[in-house]
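Shown next, in structure tokens, is the structure this report addresses.
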Amino acid sequence: MKQQNLQLDEQGRLRHLLTIEGLKRQQIIDILDTAESFISVSDQQVRKVPLLRGKTIVNLFFEASTRTLTTFELAAKRLSADVLKVNVSTSSAVKGESLLDMLRNLEAMQCDMFVVRHSESGAAHLIAQHVAPHISVINAGDGRHAHPTQALLDMFTIRKHKKEFAPLTVAIVGDIMHSRVARSQIHALTTLGVSELRVIAPKTLIPRQVEKLGIHVYHDLDTGLRNADVVIMLRLQKERMQGALLPSEQEYFQTFGLTKEKLKLAKPDAIVMHPGPINRGVEIDSSVADGPQSVILEQVTNGIAVRMAVMSMVLGRPSVEEGNK
Amino acid sequence: MRISILNGRVIDPANGIDQKTDLHISAGKVQAIGKAPDGFKAEHVIDASNQVVCPGLIDLQARLREPGQENKSTIAIETRAAASAGITTLVCPPDTDPITDNSAVVDLILQRASEAGYARVLSLGALTQGLEGKQLAEMNELKKAGCIGVTNADQPVSNTEVMRRAMEYAASQDMTVFLHAEDPWLAKGGCAHEGAVSVRLGLPGIPEAAETIAVARDLQLIEQTGVRAHFCQLSSARAIKKIARAQFDGLPVSADVAIHQLYLTDMDIGYFNSQCHVRPPLREQRDKDGLRNGVAQGAITAICSDHQPHDADAKLAPFPSSEPGISGLETLLPLTLRLVDENVLDLNDAIACLTQKPASILGILEKGQGGSLSVGSVADVCIFDPELYWELQPGTMLSNGHNSPFIGWQLKGRATHTLLAGKIIFGNTN
């Protein structure tokens, strides 16, 4: 079906980045390798390369975000692109303009890429189906469905510390049910082929069907963390208490909160990750978040390089060397 | 006008007829099957060689968008589309705007339908006022205005006591209650079947239990109140099992299924194809198999289109906020015939699902108001070519709604003539 290859052009190159699902292992590796080459850019005196000079990138965020929005903006600017930020809450969407009408209007201003974050699953796909042929779409998070750049920067971070994916036991702790980050991470880790993938949460937060994907489900943090190499904590949203999914933050912290004691159950060199923003005292203890095994802040830095890589790849300018020609 | 339809394969399941023979009509009624009555001289002859002649099709659920959503379509436009698809009677639910909970709205609908003159429209009245599930609707007034049943459409009646009293009251008015079984708490916020597909796509799910719990509750109340009830457009195999069990135990319940549920599953959503956003949602393969089984075994006696014509914008939104529904009038007949090719039913039973059985559910069969070709009954007739291949394309659809996941499908079987009360509404006058 045509839709399946929406992300790829006829030559199999990345034209949009909408979801990790459907990407081959080598494509993910290529993105990580390209990101590697951009890490050094941020360390330079002049933190810019001219790869996307003259290109216009539109950040179309229908959902609030500081971290993702800022890193995408930084990434675009370091590639020398012009960045346009459309603040949807004050925009015509509130006046009743449809999503696609907004798109047409923005296209008329001749931009090259949309970075889209939306509260509904499938929004990025819908936009990708309706943009003009030369425009690329990057999904910065759609509903519960996917957040591919987050998963990629997480994989990049894991690779930096662990080198090989194959021998790893990775545990994702938290609200899998509502998490687009978890879904993308699960696709990435499965495609990259880790030894064991675990999800840990109360039953109300793990969809029943997850087990059929070959993932080990745990409802007990102690058992789930045993000998893990990587522990990924997910943020717990306050709405979950209202939705009769959890009794209280206190009980959640008691049962699934990552403390120094619990972390000892994992391997001694296990790394602790979190997509952010963190809820101290709810899913993670401050001592762990700020502790020696935490790579949370490094994830943010890596996010810039990974997003630079993705943007330049989909617009056909994948390497620094090429850009300097 | 006196019309003779000659040489067709006349299939009238209500009378057990399936043979190559002639049909003679005059004064809007069926006069004879086989030999013309003495002295009958046809003013118009239709040669139905190689075609099937059956009662006009009866569609148990079709939204005509009027009154209230004329931006999507009107009764005139949709009944015309129905006529071109061999459908002579349409049942429209009361979730119009204003709601069909008083005789004025019923009068409006019936008047518009008769002015347009393309098809018979039967209105279902509201079960509760405003469909709010709190106070009983004036069912007697609705019945006198012409409603052939009552329903709360897609709005839940969560208060069990209200549902019980509504059923009792309907029973005392000798009205059939049409039920849409969906537990509102479990279905809340959902837009797709809760299963592997919805989990993968991150779409809020509607668990199967939303349907089975509502069916179980309503079955208990039906048993308690003795009301005549019909379950509309069920979607899960488990629910059908419950219905079959209840029928076996002697409960007067019937059930129908929307034709698209017999062909599609949640896998067809693909990458957020909003044409597959329907309510109740497309479920899994085993549900599709269970529904087909239900049709074959008889727990489900009727098939409908669940027609919901939409404007283009309704589907051009992210899946969760796209509007559910398929424009289904024009695919009802060919897709039902395809079940015969796929060995789910034989041709007689398939036609019964679209004629005799829905007429019986509506209580119009015995009155000669549709669903059969009995002598003396109204001459609503569908003549179709069972071997005609065609492709569904938006450009040739007569409905205002082009929202269908069957666009591009190769279909077999198409109406060539439709008669309403003995008048040729659709078809080349050869």
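Hey, with R₀ at 41 Å, roughly what FRET efficiency would B:Thr160 and B:Asn71 work out to, going by the Cβ-Cβ distance, to 0.05?
Numbers: r = 37 Å, r/R0 = 0.90.
That pair, B:Thr160 with B:Asn71, gives E of 0.65.
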> How high is the relative contact order of the stretch B:295-388, in percent, with contacts defined as C-alpha pairs under 8 Å that are six or more residues apart?
Replying inline: 22 percent
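Would you please give the FRET efficiency between A:Ser287 and A:Gln44, computed as 1/(1 + (r/R0)^6) with r the Cβ-Cβ distance and R0 = 35 Å, to the nearest 0.05?
Working: r = 35 Å, r/R0 = 0.99.
So the FRET efficiency works out to roughly 0.50.
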>> Residues of the stretch A:275-298 with the amide nitrogen closer than 15 Å to a label point 7 Å from the Cα of A:Ser248, along Cα-to-Cβ, please.
In response: A:282
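For Cα pairs less than 8 Å apart in space and 6+ apart in sequence, what is the mean separation divided by the residue count of chain A, i.e. the relative contact order in percent? Working shown, then result.
Numbers: 596 pairs, mean separation 67.8, N = 325.
Reported relative contact order: 21 percent.
One-quarter of the Cα convex hull surface for chain A, in nm²?
The number I arrive at for chain A is 17.0 nm².
Probe radius 1.4 Å, ligands and nucleic acids ignored: give me the carbon and sulfur share of the accessible area of the protein assembly as shown as a rounded percent.
The C+S portion of the solvent-accessible surface of the protein assembly as shown is 48 percent.
Using a probe radius of 1.4 Å on protein heavy atoms only, what is the accessible area buried between chains B and A, both sides summed, to the nearest 100 Å²? Don't skip to the end; give the middle numbers.
On the way: alone 16720 and 14850 Å², together 29850 Å².
The buried area between B and A, both sides summed, comes to about 1700 Å².
Highest mean first, what order results for B:346-358, A:42-54, B:94-106 on Cβ atoms within 10 Å? Don't skip to the answer; put the middle values down first.
On the way: B:346-358: 23.5, A:42-54: 13.2, B:94-106: 20.0.
Those peptides, ordered most packed to least, come out B:346-358, B:94-106, A:42-54.
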> Across peptide B:313-324, what mean number of C-beta atoms from other chains lies inside 10 Å of a residue's C-beta?
Replying inline: 5
> Taking the simple approach of a point 7 Å from Cα along Cα-to-Cβ for both A:Lys260 and B:Asp107, what is their distance in nm?
Replying inline: 8.2 nm
> What ranking, highest mean first, results for peptides B:155-161, A:167-173, A:141-147 when packing means the other Cβ atoms within 10 Å averaged over each residue?
Replying inline: A:141-147, A:167-173, B:155-161
>> If I histogram all Cα-Cα distances within the protein assembly as shown using bins 20 Å wide from 0, what percent of pairs lands in each bin?
In response: 16, 41, 29, 13, 2, 0
>> Taking beta carbons within 10 Å but only from partner chains, what does the mean come to for residues A:207-217?
In response: 3
>> With every protein chain kept in place and ligands, DNA and RNA left out, what is the accessible area per residue of the protein assembly as shown? Probe 1.4 Å, answer in Å².
In response: 40 Å²
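What is the mean number of Cβ atoms from other protein chains located within 10 Å of the Cβ atom of each residue in peptide A:98-110, rounded to a whole number? List each step's numbers first, then the result.
On the way: counts 3, 5, 3, 2, 0, 0, 0, 0, 0, 0, 0, 0, 0.
Partner-chain Cβ atoms within 10 Å, mean over residues of A:98-110: 1.
Where does each of A:267-276, B:375-384 land if you order them by average Cβ count within 10 Å, highest first? Write down the numbers at each step before the final one.
Working: A:267-276: 19.6, B:375-384: 23.5.
With the highest mean Cβ count within 10 Å placed first, the list reads B:375-384, A:267-276.
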> How long, wide and thick is chain B, going by the Cα atoms along their three principal axes, in whole angstroms, largest first?
Replying inline: 65, 48, 43
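The values are calculated or read from the model by the stated rules, or taken from the named source; none is laboratory data. Source: prediction; values computed, not measured. With ideal geometry, Cβ positions are generated from the backbone for all residues, glycine too; neighbour counts draw on all protein chains shown. Heads up: the accessible areas ignore ligands, DNA and RNA and are worked out on the full protein's heavy atoms, side chains in. Shrake-Rupley method; radii C 1.70, N 1.55, O 1.52, S 1.80 Å.
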